[in-house]
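Visitor: Here it is, the structure in full.
Read the figures in this text as sums done on the coordinates, not as results from a lab. Remember, it's a predicted structure, so these values are computed and weren't measured experimentally. Using ideal geometry, Cβ is built from the backbone for each residue, glycine included, and neighbour counts are taken over all protein chains shown.
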C-alpha cells in the first residue's frame, strides 16, 4: 500500500495551539492523489482527539501543494502541552502515514485502511 510519504514531503510549523503543514507533491502526477488523500475527515480520523478544532485544507495548484491547518491541535500549545514531542513537525510527519487514495476514491479508504492512526501507534503519545 502506498502512503503519502511515498509521494509527498512536508514542511510544518506551529503557533499557539494551531499547526500548519505544507504537503508538497514529489511529482506533478502525484498532486491529484495528494488532493484526494488529504481531507478534513481523514485527517481528523488519523489524529483522533488530538485535533479538537477544525481542519482546513488549502490547495495550492500553482505549486502542487496543499496547506493543512489544524486548530486546537497541540493540547493548548507547544509550550503548555503534556504530550511528548507534539509540535507541528511531529504532526506534519504523522500526516505522511495516511494511505494514498486515487482521486474519486477518498471516501473509501480511511486512515485505518492498512495503517494505524498516529494516536493508536503511540507516536507522540503522552
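Visitor: At 7 Å along Cα-to-Cβ for each site, give me the label-to-label distance between residue 62 and residue 2 in nm.
Guide: 2.7
Visitor: Sticking with this structure for a sec: At 7 Å along Cα-to-Cβ for each site, give me the label-to-label distance between residue 96 and residue 52 in nm.
Guide: A separation of 2.9 nm, rounded to one decimal place.
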